[in-house]
1. Take every Cα-Cα pair in the chain and report what % of them are more than 22 Å apart.
2. Give me the extension gain from Asn64 to Val155: residue separation times 0.36 nm, minus the current Cα-Cα distance, reported in nm with one decimal.
3. Strictly under 4.7 angstrom between C-beta atoms: which cysteines of the chain have no such partner?
4. For Met96, what residues show an amide H to amide H distance below 5 Å, using hydrogens built from the backbone and excluding near sequence neighbours?
5. Considering the alpha-carbon set of region 163-234 alone, what are its Rg and its Dmax in angstrom?
6. Find the relative contact order for region 14-144 and round it to a whole percent, using C-alpha pairs within less than 8 Å whose residues are 6+ positions apart.
7. Given 0.36 nm per residue, what is the gain on full extension from Asn182 to Tyr123 after removing their alpha carbon distance, in nm?
8. Could you pull out every residue, at least 5 positions away or on a different chain, whose amide H is within less than 5 Å of the one on Ile188? Hs are placed 1.01 Å off N in the peptide plane, and Pro or chain starts have none.
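Each value in this text was obtained by applying a stated rule to the coordinates, not by laboratory testing. Everything numeric in this text was worked out from a predicted model, so none of it was measured. Counting neighbours? That spans all protein chains shown, and the Cβs are built from the backbone with ideal geometry, glycine included.
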Amino acid sequence: KWKGEGTTSNLESIVIGRCYEYIRIVNPSVGEKNCTEIWEAFKKAFINKDPCNILPSDYELFINLSLHTIPPNKSLFWENNHLLVTSYSDRTRRYMPLCDTLIGSFGDFLNWCGQANDTGFNYDSCPNTEECENNAVESFWKIASITYAKQSSGVIYIMLNGSAIGGAYPVKGFFADYEVPNFQKDRISRIEIWVMDDIGGPDLDSCGRGSVQILEERLKTMGYDITCIDNYKSVLLLKCLDYLNHSDCSIVS
Ligand code: ENP
């Protein structure tokens, strides 16, 4: 019925497993949590409801139960770099992007929705953003983004994709709409932007140019101390693992 993919099979097992793995192995510093209780709060946000009428506030109890601290200088925001961010952050060891928090681990790579007058999940299809913005997944990431941005402190890192067709900094997107406006000015020392081009890809946007310039000016107007780095070497080395002989990777030598 809907155009989007349905609920991920075995969602409950995946999410409860991820939750215990997170609190026991990935980041035991979060302390004791009841993952079954967190799962129930997550489900309550969207089960037995019109799948186009789920609001970010419906996840409030879930957020309260799964909240933990984000260490200073570990926040990593991004657009159009999901897999690169996942590898680079190394499951909190190097950075702690939203997908490496307990909240983010409930949603990363997964899909879910329910339906009105039905206590189950819809495994066949879920509404996508074009069909309705107030869907279960979109509203989840909205409140998760707001919460994460409010908690971020110290040096803030932002990884953008300089080869992205819609621009490295989409002026409408989770980062622009829900994260930047929720930065806590008094807790942030500076902001560092990395603009990574695809290996062999076009250099559509870079520091001081195009949409990156729009972001830099927005953050400067907000009073932040900004540094912007094109093809930041540490991330470039990771990207170059698969392109050792490419000319874009000659820095490796
Ligand atoms: P995309 O479109 O590149 O990638 C979407 C994929 O990333 C989906 O598999 C999604 O999980 C997962 N994902 C991980 N973290 C987020 C997230 N945080 N988010 C939306 N999807 C996320 O990403 P977007 O839409 O541009 O979002 C990037 C945003 O993530 C940035 O604001 C960045 O700072 C933030 P799923 O559940 O949809 O399968 C917030 C929104 O961390």
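1. Values: 18373 of 31878 pairs.
Above the 22 Å cut-off, the chain has 58 percent of its Cα pairs.
2. Working: separation 91, 0.36 × 91 = 32.76 nm, distance 2.49 nm.
30.3 nm is the gain from fully extending Asn64 to Val155.
3. Cys with no partner Cβ under 4.7 Å: Cys99.
4. Ser75, Leu76
5. Using the Cα atoms of region 163-234, the pair Rg, Dmax is 12.5, 40 Å.
6. Working: 173 pairs, mean separation 42.3, N = 131.
Here the relative contact order equals 32 percent.
7. Numbers: separation 59, 0.36 × 59 = 21.24 nm, distance 3.38 nm.
Extending this stretch completely gives an extra 17.9 nm.
8. Under 5 Å from the amide H of Ile188: Gly154.
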